[in-house]
1. For segment B:4-33, enumerate the residues that are more than 12 Å from residue A:33 (Cα to Cα) and without any contact (Cβ under 8 Å) to a residue 12 or more places away in the chain.
2. Residue by residue through segment B:34-55, note down the ones that are surrounded by fewer than 17 Cβ atoms within 10 Å (Cβ to Cβ) and part of a helix (DSSP H, G or I).
3. With more than 14 Å from residue A:18 (Cα to Cα), modelled with pLDDT of 85 or more and surrounded by 14 or more Cβ atoms within 10 Å (Cβ to Cβ) as the only criterion, which of B:127, B:138, B:146 stands out?
4. Could you say whether any residue in segment B:67-74 is within 11 Å of chain A (Cβ to nearest Cβ) and either on the phi > 0 side of the Ramachandran plot or surrounded by 23 or more Cβ atoms within 10 Å (Cβ to Cβ) (or both)?
5. Output the helices (runs of 4 or more DSSP H) that fall wholly within segment A:1-116 and possess 2 or more residues being at the interface with chain B (Cβ under 7 Å from one of its Cβ atoms), at pLDDT 80 or above and surrounded by 15 or more Cβ atoms within 10 Å (Cβ to Cβ), or say none.
6. Suppose we keep only residues that are among the hydroxyl-bearing types (Ser, Thr, Tyr) and more than 16 Å from residue A:29 (Cβ to Cβ) within segment B:18-60. Which one would you say is farthest from the other protein chains (Cβ to nearest Cβ)?
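The values are calculated or read from the model by the stated rules, or taken from the named source; none is laboratory data. Because the structure is a prediction, the values reported are computed rather than measured. With ideal geometry, Cβ positions are generated from the backbone for all residues, glycine too; neighbour counts draw on all protein chains shown.
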Amino acid sequence: MNDDEFGFRIRQALNEGAERLDYKTVLRLEKARAAALARQRHAGPETVRLPAFQAATAGGPAEPGGGRRWLFGAAWVTPILALTIGFVAIGQWQNDREIARLAALDFAVLLDDGPLETYADRGFGVMLQAERPTTR
Amino acid sequence: MATREELSEFLAGVERRAFKQAMFAVRDESHALDIVQEAMMKIAEKYGDRPAAELPLIFTRILQNATHDFFRRTKVRSTWVTLFSALGSDDDPDADPLETLEAAGDTRAESSEAAYGREQIVAIIEEEVARLPARQREAFLLRYWEDLDTAETAAAMGCSEGSVKTHCSRATHALAKALKERGISL
């Protein structure tokens, strides 16, 4: 028996199996069909289609009009990218702010411009003590 | 452009085969029905204005993609869910063959021993088809059940015609060997 003949016999058996689906399954398939038909797309005045964007359907064969998948991909990536850029920008801004604050403090100390309470503050003294070895 | 009647007729003609194909792949009735429903919705919504002659190939592609998408989603969600659905397959060792007989008995006038034997053979063939590696099964079913030619099968599977021939040949031999081992000669 050649491949085609064998395939034909298997096909007959599979058809028989498909005809023997239980009532519940057949009913659900009918419902699905009715729901699909209710949403059938009808040709409008513009029926020209752009060619499918093949590269976007990696992992499965391309469907006609598959370019939309690329858009879905972009819709995922864009907010993530925006969020990442936002986090980096916020981090940078906070860093700059901290540097500016410390620079202002240093200036105030160097110019003896700080309030007297600063020198009386135990925490400030400890900070100066701790920073001394590294600043020299 | 396909009319509503043409689309309805087309879907009615392919829905059972589509369900079986999805079943072979996912081995879960509920998921298989979801896949077929998704494919039907998609073809009606997005390709309902295509000529009726184009519908079979488009539907085949949509069904393939819907099945692949199902596996992708399942993989992303969790790996044990896949295992769980595999355990819910027809390979249940405690399954009672009489249940199959009773269920099928309603739809068939034939109720003799011969009919029961034939049902068992069909069940074994379906079981062995489901056991084929995914790509081999896809190629075999598209080629011999959906009656697509090699080029159409290659287009639907997104591979070369040579690959389709290889997959089909391997599937045929594996199936013939498995059926022979189970005492079935076609």
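1. Across segment B:4-33, the qualifying residues are B:29, B:30.
2. Hits for segment B:34-55 are B:45, B:52, B:53, B:54.
3. Details: B:127 fails: more than 14 Å from residue A:18 (Cα to Cα); B:146 fails: more than 14 Å from residue A:18 (Cα to Cα).
Criteria check complete, one pass: B:138.
4. yes
5. Helices (runs of 4 or more DSSP H) meeting the threshold: A:3-19, A:23-38.
6. Let us first name the residues in segment B:18-60 that are among the hydroxyl-bearing types (Ser, Thr, Tyr), namely B:30, B:47, B:60.
Okay, now just the ones that are also more than 16 Å from residue A:29 (Cβ to Cβ), so B:47, B:60.
On the way: B:47: 7, B:60: 9 Å.
Residue satisfying both the conditions and the ranking: B:60.
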